[in-house]
Each structure stands twice: as C-alpha cells, then as structure tokens.
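Engineer: This structure is in structure tokens; I'll ask about it shortly.
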Amino acid sequence: MSCAFDLLLRNAVIFDGTGAARHHGDIALSGGVIAAVGSLEADDAATTVDLRGRAVAPGFIDVHTHDDRLLLADPSMAPKASQGVTTVVVGNCGISLAPLGDRPAVPPINLVADGEAQRFDSFADYFARLAIEPAAVNCAALVGHTTLRVVTMADLGRPADAGEIARMRTLVEEALAAGAIGVSTGTFYAPAAAATADEIRQVCAPLAGTGALIASHIRDEGARVLESMTEAMSVARALGVRQVISHHKVVGKANFGRSRETLALLDDARIDTDVCLDCYPYPASSTVLRADSVAQAGRTLVAWSKSRPEAAGRYLDELAAERDTSIDALIAELQPAGAIYFAMDEADVERILAYPETMIGSDGLPHDVFPHPRLWGAFPRVLGHYARSRGLFSLETAIHKMTGLPAARFGLAGRGVIAPGAAADLVIFDPDRIRDTATFARPKQPAAGIDAVYVNGVAVWRDGQPTGRRPGVVLRRAEGAD
Ligand code: ZN
Ligand code: CU
C-alpha cells in the first residue's frame, strides 16, 4: 500500500510565517513540499512523528550572507543549518564569487574568495557547480558591483567610463539570465568608493522590470548616514527597482540615537518607493580591519590576521599595550586582517530590529578564524533574546521577519510560509528554550532549543548535528516576479 504522505508531523504548534497567531495542527510532507496542514490521519503517512507541542516554523531565510564559497567548502552549512536557516542569500555588500574568475581577491573580496579554488567566470558556472555539488541549504545569489569593477576596470580609483559600464551591464544581464536575484553594492569599500550613483544606476539598468532588486551597503553608516541612504535610494528610485538597505545601523558614539532619523527617512521614502532593510541583532559590526572603523569603535576585536594569525580573538588595545606599539602601527602590521567593531548603541539596534520592514540577515563571515558570533547566533538571538527575553516583538513577528517577509521581498516563490504547496523547508524548535549560545568570547557555538531542520523535505540538522544530507537547490528569480 502506498502512502499519501512521506512524513506526518503531528501535534505541532505552527508558526506559519505570515505573522498570524500560532495554532495547533499537523503538517504532512510529500515529495519535498508541504502536502497538507490541519487535522490529519496518522495512517496516511510512511513516517509519523509526534511533536508533542513543539513549534514548527518555515525554515529561516538569511537574507544577508557571505556564504558564496562556504556552500562548496562546507556543504553541511553547519553555522546556518544549526540556527534553522534553510536558505541563504549570497553575494552581498558588492562582493560575489562569480564572475570573479582568476582576478585578484582585493579586500573586501578576500572575505569570500581565497586562493585559486572555487573561482567562477559566470553565474551560470557557479550555479552549475552548486547543482553538481549541492549544499544542505538552498541559496539565492546577488551580483556584486565591486566584483564587476574588479573584472572590468584596470584602475579602481575612478568612476567607470562608458566602455566599462557597458561591460558591467552585460555581466549583469548574463547573471540575471542565469537566475541571479539582483545586484549588491558596497561603496563603503575602497574598490567601489570612487563609483558614483550615476555609474551604479547605469550598471543596474537591466534590473528594471525584471523583479530583481538592489541591495545596498551604503557609503557611510556614521556621520553621513542620511546622505548615504539618500544617495543609494536615488538609484533604485530612478530605476523603479526594489531596494534593500543592507545591515542597517548607525555607527560611532556621536551618532548614537540617529536611527530615529534614518527610520523617519525610510518612512518618507516608502511613500513612493519600494525600500526595505535587513539587520543583524548585535551592537558590534565586522569586516576587514581598517583604521577609520577602529577610530569609530569603542573597542576592536581581531577576527583574523594573515600576517599575525595569533592575534585572532584578541582586543586591539590589549595587543598594542602588550607590544608597546601604536594602534595605527598595529593595524598596518596585522594586514591583511578582519575585525569586530563595538561601535553601535543597543537602543538603535532594538529600534531598527522592531521596524516593520526590517528582515533578519546574519552578515556572518564564515571564513574568519575568530568570527563575529552573528555567524552562528543571529536567528536564535532574535527569537530568544529580543523576542522572548526583551519582549521587543512577538515570536510570530520575529519569525515573519525571517520567513514570510524576506520570501516576499526577495521574490523567493513558494518559500517562507507553511501552507499546502509551499516547499517543505521547516525548523522544529522549543519556543521556550530556543536561544543563541555563540558569544564574542566563544563565537562558534550552535543554537540551543532547535530539534530538527528540513530542507525540501529532507532533514539536514538533527539533535545538534548535521545529518550529511544535501538537498539544497539554487533559487532562481521567477521571471517578471514582483
Ligand atoms: Zn556590508
Ligand atoms: Cu555583508
């Protein structure tokens, strides 16, 4: 006798991803999709699991990642699967592995690309490799504008000329045709700092009318945060394209509290433009080591150093005192390097997280020796610390910010909700116990309170371990979707 369902999850508390109130019920899976939700018969399934009141939510969508190479280097995707993440959006902050090819991985591209391995000339090649060597979780990809500059320009210190813009635009068209979901920019970083809004608008012109989006790491998140948001928003507005302001924050003590101004600016912009944002739930940032970021931070923790590997996990001020050297000399000595900057106000972090259009993105840096704890802890921290302990919003709202909302904004059809016909990307957890355990002192710790994680109907994480299964697929932009 053949069964109607592969798996029946009974007695679940269902958070459906829409933000609606939790309800009790059963969920049936069949062929990688959710076949039915409601009060279902046990003898219709090949396998039945009684969840005894455990919670089930759509798998979390990490909208801001630098997992381009991790998908291939560690397909178990343990830092993400352990948090209940079932889809990652790669290629953020202007840096993508494709179509970098054999070009030099100038900082910050060295956050994702390393050596000769896992280089791709095109998104078609990158996606083809992911089909042959799938990861445990799904991915969707953005084209990095900084990567395009490195590929097309000999001198990164000036705006692109007409010929270079035309070549970048062709590469954007190729990436969109392969299934990329948009373009990311990173004018904060040296290789794209000379790019004008006009250059970016012309490079992104192929996005218009396709449903693809622009994700912007703006030029300055400090004193000039409002001007930088306005500049970035002018590009998307001119093209009529949806925009995500990446890892929104205000940095530097002089700017503490200014999320009131930035969110008011977004409220105004949202009257006639389609702009939203992502945020990670910590008052510290992390990227390559740079003197201006150190100057803005209360303290700086070294995440990695190629020239002084032993510095990873140490605070810059302690190292400088120990070696009797200046901070500036130490920054030069550690290069190339990455760091964690304590430069934000907790009240700003909470205000931005609570904004209705804010999605959760980890911004985790998976190749760092001593990574920011957001890599392993971002999603359970929102659920445990910010929703349950701080009461910043309900668990229903928190889950919506990591499921239904990002699926809608990033155009990931059939994801992010528990409903018949949706993909069977699911996380089973204890709503009273789920929490992050990764800290700035011990950053590589899996979440507590997560029982199992399913991707396309296949368990990829169970009882604190990867299962070894790799059911992840590339989620391509639905043509003309919006
Ligand atoms: Zn960024
Ligand atoms: Cu980033």
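Engineer: Using the Kirkwood radius built from alpha carbon pairs, what does the Stokes-Einstein equation give as D for the chain at 10 °C and 1.306 mPa s, in µm² per second?
Structural biologist: Details: Rh = 22.5 Å.
Estimated via Stokes-Einstein, D reaches 71 µm²/s.
Engineer: In whole angstrom, and with the biggest value first, how far do the Cα coordinates of the range 289-368 range along each principal axis?
Structural biologist: 47, 25, 18
Engineer: Pull up all non-local amide H partners of Met359: gap of 5 or more, or a different chain, and H-to-H distance under 5 Å with H placed in the peptide plane.
Structural biologist: For Met359, whose amide H was placed from the backbone, the distant partners under 5 Å are Leu277, Asp278, Cys279.
Engineer: Right, here's the next one. How much FRET efficiency would the formula 1/(1 + (r/R0)^6) give for Arg433 and Glu41, where r is the Cβ-Cβ distance and R0 is 41 Å, rounded to 0.05? Don't skip to the end; give the middle numbers.
Structural biologist: On the way: r = 30 Å, r/R0 = 0.74.
It comes out at approximately 0.85.
Engineer: If amide H atoms are built 1.01 Å from N in the plane of the peptide, which residues on other chains or at least 5 residues away come under 5 Å of the amide H of Ser96?
Structural biologist: Gly144, Thr147
Engineer: While we're on this one: Could you work out how far the C-alpha centroid of the range 1-55 sits from that of the range 180-214, in angstrom?
Structural biologist: 42
Engineer: Here's another thing I want to ask about it. What's the angle, to the nearest 10 degrees (0 to 90), between helix 225-239's Cα axis and the longest principal axis of the chain?
Structural biologist: 70
Engineer: Please give the calculated 222 nm ellipticity per residue for the chain, where each DSSP H segment of at least 4 residues contributes -39500 (n - 2.57) and the sum is spread over every residue; nearest 500 deg cm²/dmol?
Structural biologist: Details: 16 runs with 133 residues, N = 482.
Helix contribution divided over all residues of the chain: -7500 deg cm²/dmol.
Engineer: Exposed loop sites here are GluC sites (Glu not before Pro) in DSSP loop states with at most 14 other C-beta atoms within 10 Å. What is the longest stretch of the chain lacking them?
Structural biologist: Numbers: sites that count: Glu41, Glu116, Glu479.
Longest gap between qualifying sites, sites excluded: 117-478.
Engineer: Could you work out the pair-distance distribution P(r) of the range 227-303 from its alpha-carbon pairs, with 5 angstrom bin width and percents rounded to whole numbers?
Structural biologist: 3, 13, 22, 21, 17, 13, 8, 3, 0
Engineer: In addition: Would you please report the Å³ per residue occupied by the convex hull of the alpha carbon atoms in the range 135-247? Before the final figure, lay out the partial values.
Structural biologist: On the way: hull volume 12.4 nm³, N = 113.
So the per-residue hull volume is 110 Å³.
Engineer: On full extension of the chain, what length is gained from Ala321 through Leu226, given 0.36 nm per residue of separation minus the C-alpha to C-alpha distance?
Structural biologist: Values: separation 95, 0.36 × 95 = 34.20 nm, distance 3.65 nm.
Length difference between fully extended and current span is 30.5 nm.
Engineer: Let me ask something additional. What's the lysine pair count for the chain at a Cα cut-off below 25 Å, pairs eight or more apart or interchain?
Structural biologist: Details: Lys80/Lys249; Lys80/Lys401; Lys80/Lys444; Lys249/Lys401; Lys249/Lys444; Lys306/Lys444; Lys401/Lys444.
The number of close lysine pairs in the chain is 7.
Engineer: Suppose a student asked you for the relative contact order of the chain, using Cα pairs under 8 Å spaced at least 6 residues apart; what percent would you report?
Structural biologist: Working: 1226 pairs, mean separation 102.1, N = 482.
Computed over the chain, the figure is 21 percent.
Engineer: Suppose we keep just the alpha-carbon trace of the range 128-189; what are its Rg and Dmax in angstrom?
Structural biologist: Expressed in Å, the Cα Rg and Dmax of the range 128-189 come to 13.8, 42.
Engineer: Please state, as a whole number in µm²/s, the translational diffusion coefficient that the Stokes-Einstein equation yields for the range 340-412 at 37 °C and 0.692 mPa s, with Rh defined as the Kirkwood radius across alpha carbon pairs. It would help to have the intermediate numbers written out before the result.
Structural biologist: Values: Rh = 13.2 Å.
Translational diffusion coefficient: 249 µm²/s.
Engineer: Suppose we look only past 22 Å in the calculated P(r) of the range 1-123. What percent of the Cα-Cα pairs does that tail hold? Let's see the in-between values first.
Structural biologist: On the way: 3956 of 7503 pairs.
When all Cα pairs of the range 1-123 are counted, 53 percent exceed 22 Å.
Engineer: Take Lys444, Lys249 and order them by how many other Cβ atoms sit within 10 Å, fewest up front. Spell out each step's value before the answer.
Structural biologist: Values: Lys444 15, Lys249 25.
Ascending Cβ contact count within 10 Å gives the list Lys444, Lys249.
Engineer: Find the relative contact order for the range 284-343 and round it to a whole percent, using C-alpha pairs within less than 8 Å whose residues are 6+ positions apart. Before the final figure, lay out the partial values.
Structural biologist: Values: 107 pairs, mean separation 32.4, N = 60.
Over the range 284-343, the number comes to 54 percent.
Engineer: What are the ³J(HN,Hα) couplings of the range 332-338, residue after residue, when phi is run through the Karplus curve with 6.51, -1.76, 1.60 and θ = phi - 60°? Round to Hz, x for glycine and proline.
Structural biologist: Per residue, the Karplus-derived 3J(HN,Hα) values read 5, 5, 7, 5, x, 7, x Hz.
Engineer: List every residue whose amide H lies under 5 Å from the amide H of Ala140, counting only residues 5 or more places away in sequence or on a different chain, with H placed 1.01 Å from N in the peptide plane.
Structural biologist: Here Val88, Val89, Val90, Leu475 satisfy the definition.
Engineer: Turning to a different aspect of this structure: Using a Förster radius of 35 Å, what is the FRET efficiency between Phe256 and Ala177 based on their Cβ-Cβ separation? Nearest 0.05, please. Spell out each step's value before the answer.
Structural biologist: Details: r = 45 Å, r/R0 = 1.28.
The value I calculate is 0.20.
Engineer: If you don't mind, there's one more thing I want to ask. Under a plain spin-label model, where a point goes 7 Å from the Cα along Cα-to-Cβ, how far apart in nm are Gln335 and Glu116?
Structural biologist: Result for the modelled spin labels: 2.7 nm.
Engineer: Right, another one. What is the Cα centroid distance between the range 445-476 and the range 343-392, reported in whole angstrom?
Structural biologist: A separation of 21 Å, based on Cα centres.
Engineer: If you don't mind, another one. If the range 389-482 were replaced by its equivalent ellipsoid, with semi-axes equal to the square roots of 5 times the Cα gyration tensor eigenvalues, what would those be, largest first, whole Å? Before the final figure, lay out the partial values.
Structural biologist: Values: eigenvalues 128, 69, 35 Å².
Result for the range 389-482: semi-axes of 25, 19, 13 Å.
Engineer: Additional query: Suppose R0 equals 45 Å. What FRET efficiency, 1/(1 + (r/R0)^6) with r the Cβ-Cβ distance, do Asp267 and Asp198 give to the nearest 0.05?
Structural biologist: Values: r = 27 Å, r/R0 = 0.59.
Given R0 = 45 Å and the Cβ-Cβ separation, E is 0.95.
Engineer: Run the simple label-point estimate for Ala413 and Gln445 please: 7 Å along Cα→C-beta, distance reported in nm.
Structural biologist: Label-label distance for Ala413 and Gln445, simple model: 4.3 nm.
Read-outs: derived from the displayed coordinates by stated rules, not from any lab. Bear in mind that the values here come from a model prediction, so they are computed numbers and not experimental data. So basically every Cβ, Gly included, is an ideal-geometry build from the backbone, and we count neighbours across all protein chains shown.
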